[in-house]
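S.K.: Quick one: the structure is below, and I'll ask about it shortly.
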Amino acid sequence: MNQTDPAAQELPSAYSPKAVEDKWYSLWESCGLFTPQRTDAPPYTIVIPPPNVTGILHMGHALNNTIQDILIRWKRMAGAPALWVPGTDHAGIATQNVVEKKLAREKKTRFDLGREKFVEEVWRWKKEYGSTIVRQLRKLGSSCDWSRERFTMDEGLSRAVRHAFVRLYEDGLIYQGHRIINWCPRCQTALSDEEAPYQEVEGKLYYYHYLSKDPATGALVKDEKIIIATTRPETMLGDTALAVNPKDRRYKKLEGKEIYLPLQDRRLAFIKDPLIDPKFGTGIVKVTPAHDPNDFVMGERHRLASINVLHPDARVNENGAPYQGLDRFEARKRILADLKEKGLFVKEEPHRHKVPHCYRCHTVVEPYLSKQWFVRMKPLAEKALQAQEEKRIRFYPQRWTKVYLHWLNNIQDWCISRQIWWGHQIPVWFCGSCQKPYASVTDLTSCPSCHGADLKQDPDVLDTWFSSWLWPFSTLGWPDDTADLKYFYPTSALATAQEIIFFWVARMIMAGLYFMKEVPFRDVYIHGTVRTDSGQKMSKSLGNAIDPLELISEIGADALRFSIVMLTASGQDAYLSKEKFELGRNFTNKIWNAARFSFSNLKDFRALQPGFLPPLKGLGVVDRWIVSRLEHVIREVDGALAAYRFNDAASALYHFFWHDFCDWYLELSKPVFYGEDRPAKEKTSAVLLFVLETYLRLLHPFMPFLAEELWQKLRAYYRDTQSMPESILTAAWPGFERKKVSAPAEFEMGLMQQAIGGIRDLRAKLNIPPAKPIEAVVRVADPGLLEKIGRFDAAIRHLARLESLSIVTEFERRPTHLSNVFKEMEIFVRVEGVVDLAAERARILKKIEEVSKLLDQLAHRLSNADFISRAPEEVVEKERARQTELQKILGDLKDNLALFESVR
RNA sequence: GGGCGAAUAGCUCAGUUGGUUAGAGCGCUUCCCUUACAAGGAAGAGGUCUGAGGUUCGAAUCCUCAUUCGCCCACCA
């Protein structure tokens, strides 16, 4: 990429991201930098949680994709062929709703168009608007391999869906059955249990009488003994029995009585079932097998008839005469009124309860008896449980493992058919002559058994998640055994929100194990939900959302990325407000200005190539200190990323740059740059360049644009740029080098900072004008520190604006050479020997002793055969992990000790 | 009804297997437009770490109980 003339580097004093971001993104993309090559090295793979084609980028996406991009850019720099597979989800119901709404504006319904035309219409919509979110992901800086972009209804994935279906069908894991399912009367389709979440509503519990036959007259009369309680009176039209608990003695006398349904005067059965809770309501329950899951179970058990009383749109059907044609809630009102009129109504009570709602349109879902396709989940779940036991998948934070296991252990069969038109049509054909169903990967035109041509494909489509659960391998070419699939599967990490652990994560694991015989990913990172600062879930419909794109145009993608990562503690929900993003905006500007300052002082300095650093021994304490601090940051960032602690990594980057590099190192470099000592200038220039260049590489995964912009400008300061990668994107990730850590330099620097802080504090307290030079006395606690702090004489005088500085120990009297002017306010600053080097050394020795002792204990325990065989596996493994951890710590401590001794 | 998370500075939150003086951002107070940055610099105030017990040489951290929020799961009609 282009070389920059240092003379031309007159940069504006405020960072403006606009000019920078689009330029670099299109360059990266056009140079193919997001597309990894398959090599011998182990790859690093992430598949994107495919956003809905109807989606527009919200803060949740911003967080989710920033995290993935950080991981991918980090691993790419670390040398792995890093693949991030992007794509979108066809989002069956959601997309169909959008297009139906559009039709409604033209006063049309999908039925006016017919299935074929309607699906064409949705495709047209997809072509026009479906790439919105994909463009927006680019704005965020997501370094996806767009050459591998997929859509859950593209040709390849449709083929994968059919293969998966047929395979499960042939293995007997897919079946069709009459069941009570969740039915959305507005979308007019079945929903899976996960798609019908319970929401608490303020409802009512209605009490009323049923009828029995008067033994004398034979007439149907109100039975004083029979009162039931229900929240949905309208379902009584489908009642076929009353039920009590077998242990409930109160209702013994009801046995043998002829019981009738009010309003319709239909005869009902009387049953006993343990499902009934005697304590709820009156202990008598109306049984409606066609409209309640529990009642359905009882109905099967007691061979009751089931009467469906609702049309698919939740209007009462012919079985519910005389209420036929009424909407379910209207029917409820009328039925209650009629019960009152007949004197059967007893009372109503307020009743808070939870009712399932459609997750797309929030309509109250109706339990509805219908014929649907199901996947038998038990066998799939067993494999997933086993994989978890073998620790082939890890959740971060760990606590989600439990949530996931609980779901697997209580798994229900998955209703996969939907009565909508947009989606993968179920690949089953029914033969008109022999009536048999056939599942097939290719379209059937004649019956495989009777060869008749009267075939009809099942009209339903599959649940959207039936295509997304194949995503980690279908996007890589499955069912074909492609080179991509061989190389990149299983993927490395999945980053997603907690809301879709069941919908998606768990099912992907099951599908991966079933179809690929291998887990789809090793690590699952579950991040929090983005909320407003008052705790509401951020959503467009609530009107409380911060639009990430607007924010990007104001402060830039880098600032957004950095803020959101810094503000989101690992796995916790993020409470955001617009002001909070100033954090990142200010930081980008700080980096920009620090770079400006560096450029103007480096002037015509040239290092041979990046990574050049003068010999450590020849460097002063300040230089060794900043290099040492940088090493700490490298280690912290690396460790934090490996543990999915992104906010830790971000704060390490933030703190180092702002409070070490800018506040101290750059300030201390000023006297050097403004002075005349040429060798000193050379050294400081070299160190400054080294630190800046290394830091930009560390920063790149978090702030890709700014890092690239500044890194490219650094090219001007090297003589050999041939060896420099074209883009920071492919530059090497900084590696931790223990030999660059200098505990003594950090210690001495700490002394200096303490002295300067003390003087500044006194200055402020005594109201001495900042520009006024003063004389100060620094008193140190330990005579051994006298010489150490004396080395900083010039620096302290510079940063604390002193005219003169005396350093004394506690035992000396105060010096007499202070001028008369300041006699009355002579400044005393006491520098506590934070710890003396000797004390620090002693501390390390003690720690080594402690750790060694612990290690001995552990080794002893782990060599005990009894312990190994008896203790739970987890405990043993934990102890082993602790052992390696402690060994690492011991190594570090010993290195540190060696350092102390080498410096003395 | 089960399960999970949270309670730390005025606000929003960090605090990684228990360890010197509990941190950050924002806000606040004082001073400073000092030749990178006022989107900045220097200094400062502000904390009985929700409460009560317990374990320990040592607890914000571990255990028990309580209180208050939030989330998830479940067939209470």
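The values are calculated or read from the model by the stated rules, or taken from the named source; none is laboratory data. No experiment lies behind these values; they were computed from the predicted model shown. Virtual Cβ from ideal backbone geometry, glycine too; neighbours counted across all protein chains shown. Calculation scope for accessible area: heavy atoms of the full protein, side chains included, ligands and nucleic acids excluded. Shrake-Rupley method; radii C 1.70, N 1.55, O 1.52, S 1.80 Å.
S.K.: What is the residue count in the stretch A:546-593 for residues that are closer than 22 Å to A:I133 by Cα, among the charged types (D, E, K, R), more than 20 Å from the chain's Cα centre (by Cα) and surrounded by 16 or more Cβ atoms within 10 Å (Cβ to Cβ)?
M.R.: 0
S.K.: List every residue pair whose Cβ atoms sit under 8 Å apart, with the two residues 6 or more apart in sequence or on different chains, where the first one lies in the stretch A:1-20 and is part of a loop (DSSP other than H, G, I, E, B) and basic (K, R) and the second, anywhere, is surrounded by 11 or more Cβ atoms within 10 Å (Cβ to Cβ) and at pLDDT below 50.
M.R.: Hits for this filter: zero, empty list.
S.K.: Residues in the stretch A:123-146: is at least one aliphatic (A, V, I, L, M) and within 27 Å of A:P312 (Cβ to Cβ)?
M.R.: In the first step, residues of the stretch A:123-146 are kept if they are aliphatic (A, V, I, L, M); the result is A:133-134, A:137, A:140.
Restricting the remaining residues to those that are within 27 Å of A:P312 (Cβ to Cβ) gives none.
Scanning the stretch A:123-146 turns up no residue that is aliphatic (A, V, I, L, M) and within 27 Å of A:P312 (Cβ to Cβ).
S.K.: Filter the stretch A:594-612 down to residues that are within 17 Å of A:K670 (Cβ to Cβ) and open to solvent by 50 Å² or more (accessible area, probe 1.4 Å) and give me whichever is nearest to the chain's Cα centre (by Cα). Show your work before the answer.
M.R.: Taking the stretch A:594-612 and keeping what is within 17 Å of A:K670 (Cβ to Cβ), we get A:594-603, A:605.
Checking the rest, the ones that are also open to solvent by 50 Å² or more (accessible area, probe 1.4 Å) come to A:596, A:600, A:603.
Values: A:R596: 36, A:S600: 41, A:K603: 44 Å.
The extreme case among them is A:R596.
S.K.: Cβ contacts < 9 Å: first residue near RNA strand B (Cβ under 7 Å from one of its atoms), restricted to the stretch A:398-416; second residue open to solvent by 50 Å² or more (accessible area, probe 1.4 Å) and at pLDDT 85 or above, any location; separation 6+ or different chain. Result?
M.R.: Listed by first residue and then by second, the contacts come to A:V403/A:F502; A:W407/A:F502.
S.K.: Still on this structure, please answer the following. For the stretch A:396-445, which residues satisfy the criterion of being open to solvent by 40 Å² or more (accessible area, probe 1.4 Å), of a type in the set (S, T, Y) and over 25 Å from A:S370 (Cβ atoms)?
M.R.: A:Y396, A:S433, A:T442, A:T445
S.K.: Tell me which of these A:P615 doesn't satisfy, since it passes every other one: (1) more than 6 Å from RNA strand B (Cβ to nearest atom); (2) surrounded by fewer than 16 Cβ atoms within 10 Å (Cβ to Cβ); (3) of a type outside the set (K, R); (4) touching a residue at least 40 places away in the same chain (Cβ under 8 Å).
M.R.: Answer for A:P615: the failing condition is (4).
S.K.: Which one of these does A:V633 not meet: (1) buried (at least 22 other Cβ atoms within 10 Å of the Cβ); (2) more than 16 Å from RNA strand B (Cβ to nearest atom)?
M.R.: Evaluating A:V633 over (1) buried (at least 22 other Cβ atoms within 10 Å of the Cβ); (2) more than 16 Å from RNA strand B (Cβ to nearest atom) leaves (2) as the failure.
S.K.: Counting only residues that are part of a helix (DSSP H, G or I), more than 21 Å from A:H291 (Cβ to Cβ) and within 14 Å of RNA strand B (Cβ to nearest atom), which one in the stretch A:222-251 is least open to solvent (accessible area, probe 1.4 Å)? If you could, list the steps in order and put the result at the bottom.
M.R.: Narrowing the stretch A:222-251 to residues part of a helix (DSSP H, G or I): A:233-238, A:249-251.
Now narrow it down to the ones that are more than 21 Å from A:H291 (Cβ to Cβ): A:249-251.
If we keep only those that are within 14 Å of RNA strand B (Cβ to nearest atom) as well, we get A:250-251.
Details: A:R250: 116, A:Y251: 30 Å².
It comes out as A:Y251.
S.K.: Specify which of the listed residues (A:S467, A:S492) is outside any loop (DSSP other than H, G, I, E, B), in contact (Cβ under 8 Å) with a residue 60 or more places away in the chain, open to solvent by 10 Å² or more (accessible area, probe 1.4 Å) and not aliphatic (A, V, I, L, M).
M.R.: Working: A:S467 fails: open to solvent by 10 Å² or more (accessible area, probe 1.4 Å).
A:S492 is the lone residue from the list that is outside any loop (DSSP other than H, G, I, E, B), in contact (Cβ under 8 Å) with a residue 60 or more places away in the chain, open to solvent by 10 Å² or more (accessible area, probe 1.4 Å) and not aliphatic (A, V, I, L, M).
S.K.: Would the stretch A:628-646 turn up any residue that is within 16 Å of the chain's Cα centre (by Cα), of a type in the set (K, R) and modelled with pLDDT of 90 or more?
M.R.: Checked against the condition, which is being within 16 Å of the chain's Cα centre (by Cα), of a type in the set (K, R) and modelled with pLDDT of 90 or more, the stretch A:628-646 yields no hits at all.
S.K.: Please enumerate the residues belonging to the stretch A:687-744 that are acidic (D, E) and either part of a helix (DSSP H, G or I) or under 21 Å from A:H655 (Cβ atoms) (or both). Walk me through it before giving the result.
M.R.: Of all residues in the stretch A:687-744, those acidic (D, E) come to A:693, A:708-709, A:720, A:726, A:737.
A:E693, A:E708, A:E709, A:E737, listed by residue number.
S.K.: Among the candidates A:G256, A:G283, single out the residue that is within 14 Å of RNA strand B (Cβ to nearest atom), out of contact with any Ser or Thr (no Cβ under 7 Å at 6 or more places or on another chain) and over 25 Å from A:R328 (Cβ atoms). Reasoning before the result, please.
M.R.: Values: A:G256 fails: within 14 Å of RNA strand B (Cβ to nearest atom).
Checking each option against the conditions leaves just A:G283.
S.K.: Looking at A:I626, A:I546, A:I564, which is the one that is of a type outside the set (D, E, K, R), more than 8 Å from RNA strand B (Cβ to nearest atom) and in a loop (DSSP other than H, G, I, E, B)? Talk me through it step by step, then tell me what you get.
M.R.: Numbers: A:I626 fails: in a loop (DSSP other than H, G, I, E, B); A:I564 fails: in a loop (DSSP other than H, G, I, E, B).
Answer to the check: A:I546.
S.K.: While we're on this one: Which one is nearest to A:V364 (Cα to Cα) among residues in the stretch A:296-331 that are open to solvent by 50 Å² or more (accessible area, probe 1.4 Å) and assigned to a helix (DSSP H, G or I)?
M.R.: A:F329
S.K.: Let me ask something else. The conditions are (1) surrounded by 18 or more Cβ atoms within 10 Å (Cβ to Cβ); (2) of a type in the set (A, V, I, L, M); (3) at pLDDT below 95, and A:A160 fails exactly one of them. Which is it?
M.R.: (3)
S.K.: Of all helices (runs of 4 or more DSSP H) completely enclosed by the stretch A:98-165, which ones contain at least 2 residues that are of a type outside the set (S, T, N, Q) and within 30 Å of A:M508 (Cα to Cα)? Break it down into steps so the answer makes sense when it comes.
M.R.: Details: elements: A:110-113, A:115-129, A:132-140.
By residue number, A:115-129, A:132-140.
S.K.: Does the stretch A:725-766 hold any residues that are farther than 14 Å from A:I626 by Cβ and of a type in the set (V, I, T), and which are they?
M.R.: A:I728, A:T730, A:I756, A:I759
S.K.: Looking at (1) within 25 Å of the chain's Cα centre (by Cα); (2) surrounded by fewer than 24 Cβ atoms within 10 Å (Cβ to Cβ); (3) part of a helix (DSSP H, G or I), find the lone condition where A:F515 falls short.
M.R.: If we test A:F515 against (1) within 25 Å of the chain's Cα centre (by Cα); (2) surrounded by fewer than 24 Cβ atoms within 10 Å (Cβ to Cβ); (3) part of a helix (DSSP H, G or I), just (1) comes out false.
S.K.: Any idea how many residues of the stretch A:492-506 are polar (S, T, N, Q) and more than 13 Å from RNA strand B (Cβ to nearest atom)?
M.R.: Quick first cut of the stretch A:492-506, residues polar (S, T, N, Q) only: A:492, A:496, A:498.
Then keep just the ones that are more than 13 Å from RNA strand B (Cβ to nearest atom); that gives A:492, A:496.
Residues that pass the stated criteria total 2.
S.K.: Same structure again: Only one of A:E318, A:E341, A:E330 is of a type in the set (D, E), away from RNA strand B (no atom under 14 Å from the Cβ) and under 29 Å from A:K225 (Cβ atoms); which?
M.R.: Values: A:E318 fails: under 29 Å from A:K225 (Cβ atoms); A:E330 fails: under 29 Å from A:K225 (Cβ atoms).
Selected residue: A:E341, the only one of A:E318, A:E341, A:E330 that is of a type in the set (D, E), away from RNA strand B (no atom under 14 Å from the Cβ) and under 29 Å from A:K225 (Cβ atoms).
S.K.: With respect to A:V691, is the statement that it is buried (at least 22 other Cβ atoms within 10 Å of the Cβ), of a type in the set (A, V, I, L, M, F, W, C) and away from RNA strand B (no atom under 16 Å from the Cβ) true? Walk me through it before giving the result.
M.R.: On the way: buried (at least 22 other Cβ atoms within 10 Å of the Cβ): yes; of a type in the set (A, V, I, L, M, F, W, C): yes; away from RNA strand B (no atom under 16 Å from the Cβ): no.
Spelling it out, it is not the case that A:V691 is buried (at least 22 other Cβ atoms within 10 Å of the Cβ), of a type in the set (A, V, I, L, M, F, W, C) and away from RNA strand B (no atom under 16 Å from the Cβ).
S.K.: Kindly provide the set of residues from the stretch A:756-770 that are of a type in the set (A, V, I, L, M) and either more than 7 Å from RNA strand B (Cβ to nearest atom) or surrounded by 15 or more Cβ atoms within 10 Å (Cβ to Cβ) (or both), ordered by number.
M.R.: The initial filter retains those residues of the stretch A:756-770 that are of a type in the set (A, V, I, L, M), namely A:756, A:759, A:762, A:764, A:766, A:768.
Residues satisfying the conditions are A:I756, A:I759, A:L762, A:L766, A:I768.
S.K.: Considering (1) free of Cβ contacts under 8 Å to residues at least 24 places away in the same chain; (2) outside any strand (DSSP E or B), say which one A:G477 fails and leave the rest.
M.R.: (1)
S.K.: Then there's this: Among all residue pairs at least 6 apart or on different chains, which show Cβ distances below 7 Å where the first residue, located in the stretch A:108-124, is within 16 Å of A:H424 (Cβ to Cβ) and of a type outside the set (F, W, Y) and the second is open to solvent by less than 60 Å² (accessible area, probe 1.4 Å) and not in a helix (DSSP H, G or I)?
M.R.: A:R115/A:W421; A:V119/A:W421; A:V119/A:W422; A:V122/A:W422
S.K.: Only one residue in A:S651, A:S723 is within 26 Å of the chain's Cα centre (by Cα), open to solvent by 10 Å² or more (accessible area, probe 1.4 Å) and in contact (Cβ under 8 Å) with a residue 40 or more places away in the chain. Which one?
M.R.: Values: A:S723 fails: within 26 Å of the chain's Cα centre (by Cα).
After ruling out the rest, the residue left standing is A:S651.
S.K.: Further question: A:R392 fails exactly one of the following numbered conditions: (1) more than 11 Å from RNA strand B (Cβ to nearest atom); (2) within 24 Å of the chain's Cα centre (by Cα); (3) assigned to a helix (DSSP H, G or I). What is the number of that condition?
M.R.: (3)
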